[in-house]
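Input: a single structure, listed below in structure tokens.
The values are calculated or read from the model by the stated rules, or taken from the named source; none is laboratory data. Bear in mind that the values here come from a model prediction, so they are computed numbers and not experimental data. Counting neighbours? That spans all protein chains shown, and the Cβs are built from the backbone with ideal geometry, glycine included. Keep in mind that these areas ignore ligands, DNA and RNA; they rest on the heavy atoms of the full protein, side chains included. Shrake-Rupley method; radii C 1.70, N 1.55, O 1.52, S 1.80 Å.
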Amino acid sequence: KGQLDFVAFEQPGATLPQDTASHHTKSLGEREKSPPQCNGGCFCVSGDGNPKESSPFINSSAASDAEKSQQYDGKNMALFEEEMDTSPMVSSLLSSLANYSNLPTGSKEHEEEENNEEGLGTLMGVYLPCIQNIFGVILFLRMTWMVGIGGVFGSFVIVFMCCSTTMLTAISMSAIATNGVVPAGGSYYMISRSLGPEFGGAVGICFYLGTTFAGAMYILGCIEILLIYIIPQAAIFKIEGLEGAEAEAALLNNMRVYGTIVLSLMALVVFVGVKYVNKLALLFLACVILSILAVYAGVIKTAIDPPVFPVCLLGNRTLLSKGYDVCAKVIEIDNETITTKLWRSFCDSESLNATCDEYFTNNNVTEIQGIPGVTSGILAENLFGNYLEKGVFLEKRGLASDVDPDSPITSSNRYVLSDITSFFTLLVGIYFPSVTGIMAGSNRSGDLRDAQKSIPIGTIAAITTTSTVYMSCVVLFGACIEGVVLKRQVRVSGNLVIGTLAWPSPWVIVFGSFFSTCGAGLQSLTGAPRLLQAISRDGIIPFLRVFGHGKANGEPTWALLLTASICEIGIIIASLDAVAPILSMFFLMCYMFVNLACALQTLLRTPNWRPRFKFYHWALSFLGMSLCLSLMFICSWYYAIVAMGIATCIYKYIEFCGAEKEWGDGIRGISLSAARFALMRLEEGPPHTKNWRPQILVLVSVDADQNVEQPRLLSLTNQLKAGKGLTIVGTAVQGTFLDNYTEAQRADQSLRKLMEMERVKGFSQVVISSNLRDATSHLIQVGGLGGLKHNTVMVSWPRNWKQPEYHQQFRNFIEVVRETTVASMALLVPKNISSYPSNGERFTEGHIDVWWIVHDGGMLMLLPFLLRQHKVWRKCKMRIFTVAQLDDNSIQMKKDLITFLYHLRIDAVVEVVELHDSDISVYTYEKTLIMEQRSQILKQMHLTKNEMEREAQLIHSKNASTPTSPTSPTSPAGPAGGAATWTDNRGADKGKNLFAASPESVKDLFNMKPNQSDVRRMHTAMRLNELIMKKSKEAKLVLLNMPGPPKNRVGNENYMEFLEVLTEGLNRVLLVRGGGREVITIYS
């Protein structure tokens, strides 16, 4: 029946709860021959290599017979006892769910460190890690330069664009993350489970490479701060005294050497244990927050008392601070004019009549305040950008400069020159990494107390905070600092530009940024190997499988080694400005697919798409996706093409044997090819629980004029089709194909017409057979094509089944129930179908009540959810009732059920109804007796004419042969079908020959005693009906588990009677039987 086997986790710290373990001992034992390889807490691969989602649900052939008998001991649930092995009581399902823990991959130390009893909250688990990952090296090292080059307006546009992209991505991510339980693997897990393994693998690798290169970028930032601002004398390749390209080369070589050393040390720390990284994380975060507060404090201080920060200009060109001691050409000492160091650097001698540089002679030297303060009005000057070529003078706007265009440029090493050629797209590429890091919270989903609540709130709050800080920084830097100071990429008189602004000391920023880069680097080196391990363990990229292995405690050793090696590539590139766009590409690609996944899920309306986070829309996701794509090409079109190439190669590699194309007559050929390919792909295996949707075969009957008798069946089908999926409307025509073909055509036309009227998208199918019973059976067997087959049958309740002329109809109905059970299909039986609403009606209020008595795959949960997507039922609230037996803890059951529904993302009111053992009433006893007597009489009345003649012949011959023996045994001739299980044989024998025997046998019939199991079943039906009538009489629709039919055909009438009693007095009832497989899941 497509059962989901329960597989234990092979993970440290993942314990199997006691009762779950006992329920599943057998299925685990059976598999000892081939131990399961578990991948990342989401799929467990059993010995045959088929990944199965580990689940605490039913259908594990595990519970022992003794336990099963306990589950339905007592007379209350007798109606459902024949199928208890496949459909357990709800109480036993809930107890196993409550104790079920789904731990993500992670090291033992990590679990002990992070997973305290209740897990992390929003602040510690999502908000702070996101803030730490988002604020980083770019804010401290490149933000002021970006404002100087791009201007306040241009920089604000860049910041706003990048922050909008991450905010839209966070909205899409929140929707995906709250659509079920997200185990470890964060974004990779979310995308691969939404878009399939090919996209998931491609994006997972992109995200992994992005995180790895981010590690390289943070390490480079860390070295830049160390060598330029903290201990310049530690440089191996001396920078002092070198100019231009030589100085740059020396700096890059230092970066390479020290970067490799720091990378090795960081990898060692990560290898020794994650707990150290987590302990240091808070310290590093505190440094970052202090630094940012110091900047704000400095800005406020500039309004009152601007710092003394002189900048010397010659004409409008900025001079290097090491080229002068005093900002003047000459100074007066004791009435004597003396030339300064500045004079000496531009002239050939110290004397006043020396030959000097022409520009020096023609222009005056002025000293301006580098940080004039927030009230100075410098903002107007810094409003617009000024992009520069490499090696161009940094000039102050608004100052006069006397320059001869024909004279050659001399003494350029005395001025401050621009470091690199800058343009708008370069700034975007360099800045974008400073808004990445939004996945930090979702990557820790396994450690969170309530991931579905924390991830959206924490991530969106973190992005709002960081975006506010970034945007305010852009404006404040432009309002406080002189443009020529902002444009300097490296240090200004030994300090960071942002450090000079900070209060109380520049060292706060220097050390703050140093520790922030160290912390972020360690986080990247911790996160990337785990991501690679999750991808490797999924087994979708075969050559990466080796990286799934690690230390005994689950620490990804091999993955760490590969990460460090890739990180080294970034360090060999050595330039922060060259590495930043690389990781921008990979992150943008990842974010683009997160948005795509959300948009597709929303537009496809899969039944499993029920995010708790409601503030998303497909248009927002598409906007986010477009922004990501635009930014990729804005940053660097050639990197974008390379990143897409890598992703495409991985996609194709995973797909490996892709679609073979077949071009026919244009579009139709493509459609045919695509349809065939899709059908072949569907054939590969049963759908995953998340993709399960009701593919309905609606069985309708037609009258003599070939018109459909129950048109409302199609209205109900339309209302259920919020989950899209397949619909086949089938009917049967009695006769032979040759004689009745035109009737069949007419029936088909009337089906299509009705389908069009009721807006049911699907196919019609008419089968001709010598009897209706076989025709219905053929429809159930052969409907659909390949993987596009129905998995659910809908048939209406036979209305007048008690009247003799309708007997064949209810027998057919019971055979349909049996056939769907054998074929593992779900069955929906609407009772009183004529009272169901048409598509035009609207319920403005009311309830859909679910009576969940046994768990047979979750159909009962899914159907109301699908119905409420339709405008007819949208305003109805959902209530779930479940029945507690005498020994169940109803308070605990209610708690467990609320938790279960929370994970299923289904909003419903929960009520646990107690059904205590009570004595069987006289009324029940009498009702059962009348039912059995009636069925016996009916059997006798339904003896066919032939049987009667045969019986008469038999009696005649017996009387002729043994006239002296009136007590001869009579020959039992009853309807075919063997011994009964639901009716007692003794009773049956007593009333066998009603027409042929003496009046005594008729008297015996009325003296018969009812069968005990029938009495128990009748008792269940009546007690449940009392409860349902009490609670759900006013409900717009009642959904109810449908008990299985008797194993034997003799109890058919009794079965119908039990169902009649169970649903008596209810207006609209939908009886539901599951198909023996899970159709609903708590997983994302």
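Find the residue count for region 874-932, including only residues that are assigned to a helix (DSSP H, G or I) and over 30 Å from Asn1054 (Cα atoms). Walk me through it before giving the result.
Filtering region 874-932 for residues assigned to a helix (DSSP H, G or I) gives 890-903, 922-932.
Then keep just the ones that are over 30 Å from Asn1054 (Cα atoms); that gives 890-903.
The number of residues fulfilling the criteria is 14.
Selection of region 778-790 for residues being assigned to a helix (DSSP H, G or I) and closer than 21 Å to Leu720 by Cβ yields Leu779, Ile780. All of Leu866, Leu860 fail the test of being crowded, with 19+ Cβ neighbours inside 10 Å and within 18 Å of Pro88 (Cβ to Cβ), apart from Leu860.
If you scan region 133-144, which residues turn out to be assigned to a helix (DSSP H, G or I) and open to solvent by 10 Å² or more (accessible area, probe 1.4 Å)? Break it down into steps so the answer makes sense when it comes.
Within region 133-144, the first condition is being assigned to a helix (DSSP H, G or I), and the residues that meet it are 133-134, 137-141, 143-144.
Selection gives Asn133 alone.
For region 1026-1037, taking the residues that are closer than 19 Å to Thr844 by Cβ and among the aliphatic types (A, V, I, L, M), the one that is most open to solvent (accessible area, probe 1.4 Å) is identified as Ala1035. Residues that are within 21 Å of Met439 (Cβ to Cβ), in a helix (DSSP H, G or I) and hydrophobic (A, V, I, L, M, F, W, C) within region 530-562 comprise Leu531, Leu532, Ala534, Ile535, Leu544, Phe547, Ala559, Leu560, Leu562, listed in sequence order.
Among Ala250, Ala245, Ala234, which is the only one that is touching a Leu at 6+ places or on another chain (Cβ under 8 Å), more than 30 Å from Arg530 (Cα to Cα), loosely packed, with under 15 Cβ neighbours inside 10 Å and of a type outside the set (S, T, N, Q)? If you could, list the steps in order and put the result at the bottom.
Numbers: Ala250 fails: loosely packed, with under 15 Cβ neighbours inside 10 Å; Ala245 fails: touching a Leu at 6+ places or on another chain (Cβ under 8 Å).
Answer to the check: Ala234.
For region 863-877, the criterion of being out of contact with any Leu (no Cβ under 7 Å at 6 or more places or on another chain), modelled with pLDDT of 85 or more and aliphatic (A, V, I, L, M) is met by at least one residue.
Only one of the numbered conditions (1) open to solvent by 10 Å² or more (accessible area, probe 1.4 Å); (2) modelled with pLDDT under 85; (3) within 21 Å of Gly221 (Cα to Cα) is violated by Phe511, and that is (2).
Does region 300-315 contain at least one residue that is among the small types (Gly, Ala, Ser), closer than 30 Å to Gln369 by Cα, touching a strand residue (DSSP E or B) at 6+ places or on another chain (Cβ under 8 Å) and surrounded by fewer than 19 Cβ atoms within 10 Å (Cβ to Cβ)? No: zero hits.
The number of residues in region 689-723 that are loosely packed, with under 15 Cβ neighbours inside 10 Å and under 17 Å from Thr792 (Cβ atoms) comes to 1.
If you check Phe237, Phe271 for being free of Cβ contacts under 8 Å to residues at least 40 places away in the same chain and on the phi < 0 side of the Ramachandran plot, only one passes: Phe237.
Give the residues of region 737-771 that are assigned to a helix (DSSP H, G or I), closer than 10 Å to Gln706 by Cβ and either open to solvent by 100 Å² or more (accessible area, probe 1.4 Å) or free of Cβ contacts under 8 Å to residues at least 40 places away in the same chain (or both), sorted by residue number. Quick ask: steps written out before the conclusion?
Of region 737-771, the ones assigned to a helix (DSSP H, G or I) are 737-757.
Remaining after also requiring closer than 10 Å to Gln706 by Cβ: 742-751.
Result: Thr742, Glu743, Ala744, Gln745, Arg746, Asp748, Gln749.
Identify, please: which residue in region 715-749 is aliphatic (A, V, I, L, M) and at pLDDT 90 or above and is, among those, nearest to Ser834 (Cα to Cα)? Can you show your working first?
Step one: filter region 715-749 for residues aliphatic (A, V, I, L, M), giving 716, 720, 722, 726, 728-729, 732-733, 738, 744, 747.
Cutting the leftovers down to at pLDDT 90 or above gives us 716, 728-729, 732-733, 738, 744, 747.
Numbers: Leu716: 11, Ile728: 21, Val729: 18, Ala732: 21, Val733: 23, Leu738: 35, Ala744: 25, Ala747: 21 Å.
Within region 715-749, the match that is nearest to Ser834 (Cα to Cα) is Leu716.
Here Glu568 meets the list (1) at pLDDT 85 or above; (2) within 25 Å of the chain's Cα centre (by Cα); (3) among the acidic types (Asp, Glu) almost entirely, failing just condition (2).
For every residue, the table says whether it meets (1) crowded, with 20+ Cβ neighbours inside 10 Å; (2) of a type in the set (S, T, N, Q); (3) at pLDDT below 55.
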| position | (1), (2), (3) |
| --- | --- |
| Val1002 | no, no, yes |
| Asn1048 | no, yes, no |
| Phe1058 | yes, no, no |
| Arg1077 | yes, no, no |
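The residue list Ala520, Ala578, Ala552, Ala528 contains one member that is under 24 Å from the mean Cα position of the chain (by Cα) and either without any contact (Cβ under 8 Å) to a residue 60 or more places away in the chain or under 22 Å from Arg444 (Cα atoms) (or both), which is Ala528. The single residue among Val147, Val157 that is more than 11 Å from Ile438 (Cα to Cα) and surrounded by 24 or more Cβ atoms within 10 Å (Cβ to Cβ) turns out to be Val147.
Residues that are open to solvent by 40 Å² or more (accessible area, probe 1.4 Å), at least 1 per element: which strands (runs of 3 or more DSSP E) completely within region 791-854 meet that?
Details: elements: 792-795, 826-831, 847-852.
Result: 847-852.
Which of the residues spanning region 122-134 are modelled with pLDDT under 85 and more than 18 Å from Cys163 (Cβ to Cβ)?
Those that are modelled with pLDDT under 85 and more than 18 Å from Cys163 (Cβ to Cβ): Met124, Gly125, Pro129.
Filtered by the rule that a residue be closer than 14 Å to Thr366 by Cα and under 60 Å from the mean Cα position of the chain (by Cα), region 314-346 gives Asn316, Arg317, Thr318, Leu319, Leu320, Ser321. Quick check on Val203: is it open to solvent by less than 20 Å² (accessible area, probe 1.4 Å) and in contact with a Pro (Cβ under 9 Å, 6 or more places away or on another chain)? Here the answer is no, as Val203 does not meet what is asked.
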